[in-house]
1. From the list 407, 366, which one is farther than 20 Å from residue 337 by Cα, without any contact (Cβ under 8 Å) to a residue 60 or more places away in the chain, within 21 Å of the chain's Cα centre (by Cα) and in a helix (DSSP H, G or I)?
2. Could you tell me how many of the residues in the range 421-451 are exposed (fewer than 12 other Cβ atoms within 10 Å of the Cβ) and of a type in the set (Lys, Arg)?
3. For residue 75, state whether it is at pLDDT 95 or above, basic (Lys, Arg) and within 27 Å of residue 227 (Cα to Cα).
4. Output the qualifying pairs, or none if there are none: Cβ atoms under 6 angstrom, residues six or more apart or on different chains, first residue in the range 110-128 and under 17 Å from residue 139 (Cα atoms), second residue acidic (Asp, Glu).
5. Do you know which residues across the range 374-386 are under 14 Å from residue 444 (Cβ atoms), of a type outside the set (S, T, N, Q) and assigned to a helix (DSSP H, G or I)?
6. Looking at residue 354 and the list (1) closer than 17 Å to residue 445 by Cβ; (2) surrounded by 20 or more Cβ atoms within 10 Å (Cβ to Cβ), which single condition is not satisfied?
7. Going residue by residue through the range 410-418, is there one that turns out to be crowded, with 20+ Cβ neighbours inside 10 Å, of a type in the set (Ser, Thr, Tyr) and part of a helix (DSSP H, G or I)?
8. In the range 309-339, which residues are closer than 20 Å to residue 279 by Cα, among the small types (Gly, Ala, Ser) and not in a helix (DSSP H, G or I)?
Amino acid sequence: MKTRITLLLLMLFMSVNFGFAQQDEECGNNLSIFDSYVKSKKYDDAYGPWKIVREKCPNFNRAIYVHGEKILKHKIENSSGEEQVAHLNDLMLLYDQSRVHYESRYDLGEILADKANLAYKYRKELNKSDEEVYNMFDEAFTKDPENFDSSIGLYTYFSLAVDLYDAEKKTAQQMFDKYDDVMEMIESIEESYTEKLNKLVEKEEAGTALTKNEPKYKANYEANLGAFDKVKSSMDNKVGERATCEILVPLYEKDFEANKTNGEWLQRAMNRMYAKDCKGDPLFLKLVEQKNTIEPNADTAYYLYILTGEQKYVDQTIALSTDPLKKAKLYKGLAKELKDKGSYGKARQYYMEALKLNPSDGSPHLSIANMYAKSANSCGDSNFNKRAVFWLAALEAEKAGRVDGRLRSAATQTATSYRASAPSKTDIFQEGNKGESISIGCWIGRSVTVPSN
C-alpha cells in the first residue's frame, strides 16, 4: 500500500513538473520571439507573444516589463478612443505589476511618478482633472521622495500646483511651499550629480586622461544638470507675476507673527524675497533679523551683509558655511554683489573661491571674462594693449565651456565675440609683437600672449 502511494505521489510530482516545464518552454519561446521583435521595433508583432508570457509567467523575466512598456507606449501612440484608453489603463497596470514581481528593481517613487506623468500626458483621454493628476504626483513625492527624481515629473508637479492656485483651489502659501519643496528636491539631486562631475573635471584639469567610460558619465551628469537647470528656470517663469513684491510682502506680513519661531518658514520667506529683489522692503530686514536671532546661518549673515555692507558679515558668512557646494553658491553671490558695485578685483577673488569648491560650474569664468572685457579701456597703456585685454577675456570664457558642458555653446559664442574686439592680424603685423607677452595692469594684473597665427 505504501509503495502504491509513493508511486502515485511520484507520478503526480512528475506531472506537475512536466506541466511547469512545458509552461517554461512556452514562455521561453515567446520571450525570445517578442524580444527579437522589440529589438527590431516591430511592436505590433511583439504584442501577441509578449501578452502570452505576461499572463502565463508574470515573473519569468524582467523583459516582460522593460519591453512591455515600449510595446504599450507604441500601442497608445497608434490608437484612439476606447482602444487607446484600454492600452493606457493596461500600462498603468503594468507599472504596478512590475513592482509586484520585481520590487527590488522598481522603486515606488519612480513607478508612481511614471504613472503620474502618463496620466498628465493623456489627462483628456483619461478624463483626469488637474487635481487628480496633482494628487498622483503628490503621492510619489510624499511616499518616496528620494526616488521621485524625474525632471519632467517634478516640473509638472509644481506647474499643476500653480494651475490649482490660479483655479483658487490652493492658497498662495501652498503654492510657494510647493515651489520650495520641489526646488529643494532639485538642489539635492543636482548636488549628487555635481559632486560626481567635479571629480571628473578636477581630474581633467590636472592633466589626467579620463578612463574609457568616464566621458560617458561626464556627459550624463552634464545632461542631467542641464535638464534641471531648465526646470528651475521654467518654475520661475511659471510663478512669474504671482510672486511679485506686491504679493509677497502682505502675505508674509500677515503670517509673520504665527511663524516667527518657525525657522523653515523664515528661511523660505527671506530667500524668496531676496530672489524677487524685495530686499529694499523693511519686511526683508525684519525676516533676516528674526531668523538670525533664532537660527543664525550663512544665509542670514549673507543677507545682513547685503543690507549693511559690513565686512564682518562677509566673514561670518564664510565661517558659517560648511557645505562646499552651498559655500560656492554664497561665494558667487558675494562676488556678484561686488561685481555690480564695480569692485572687480575682490569679486574675482570670490569667483575663484567658488571655482575651487565647485570646479564644474563654469559661470564664474564667464563673469570674470565679462569683468575683463568691461575693463579693457582702463587697463591698458596703449590702444593695442587695451584691446589685447579681449584675448584674456576670450581665454577666460573658453575655460567656462571646457569645465561646464552646459555652457559650451554660450562660452564659444562669448569668446568669439571678445576675439572680434581684440587686435586683428593686421594690427599685430603693424605692431610687430607676434608671440610676445603683454602685461595688463590695474586690477587685472595678468599677462596675455599675442597670437602667432
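1. Details: 366 fails: farther than 20 Å from residue 337 by Cα.
Only one candidate passes the filter, namely 407.
2. Residues flagged as exposed (fewer than 12 other Cβ atoms within 10 Å of the Cβ) and of a type in the set (Lys, Arg) within the range 421-451 amount to 1.
3. On the way: at pLDDT 95 or above: yes; basic (Lys, Arg): yes; within 27 Å of residue 227 (Cα to Cα): no.
For residue 75, the condition - at pLDDT 95 or above, basic (Lys, Arg) and within 27 Å of residue 227 (Cα to Cα) - is not met.
4. That search, which allows pairs on different chains as well, returns 112/139.
5. As a first pass, look at the range 374-386 and keep what is under 14 Å from residue 444 (Cβ atoms): 374-381, 385-386.
Filter again for of a type outside the set (S, T, N, Q), leaving 374, 376, 379-381, 386.
Passing the criteria: 374, 376, 386.
6. For residue 354, the failing item is (1).
7. Step one: of the range 410-418, the residues crowded, with 20+ Cβ neighbours inside 10 Å are 411, 414-415, 418.
Next cut, of a type in the set (Ser, Thr, Tyr) only: 414, 418.
If we keep only those that are part of a helix (DSSP H, G or I) too, we end up with 414, 418.
Yes, that holds for at least one residue.
8. First pass over the range 309-339, keeping only residues closer than 20 Å to residue 279 by Cα: 309-314, 316-317, 329-339.
Next, only the ones that are among the small types (Gly, Ala, Ser) stay: 309, 333, 335.
Answer for the range 309-339, where residues must be closer than 20 Å to residue 279 by Cα, among the small types (Gly, Ala, Ser) and not in a helix (DSSP H, G or I): just 309.
The values are calculated or read from the model by the stated rules, or taken from the named source; none is laboratory data. What you see is a predicted model; the values in this text were computed from it and never measured. Using ideal geometry, Cβ is built from the backbone for each residue, glycine included, and neighbour counts are taken over all protein chains shown.
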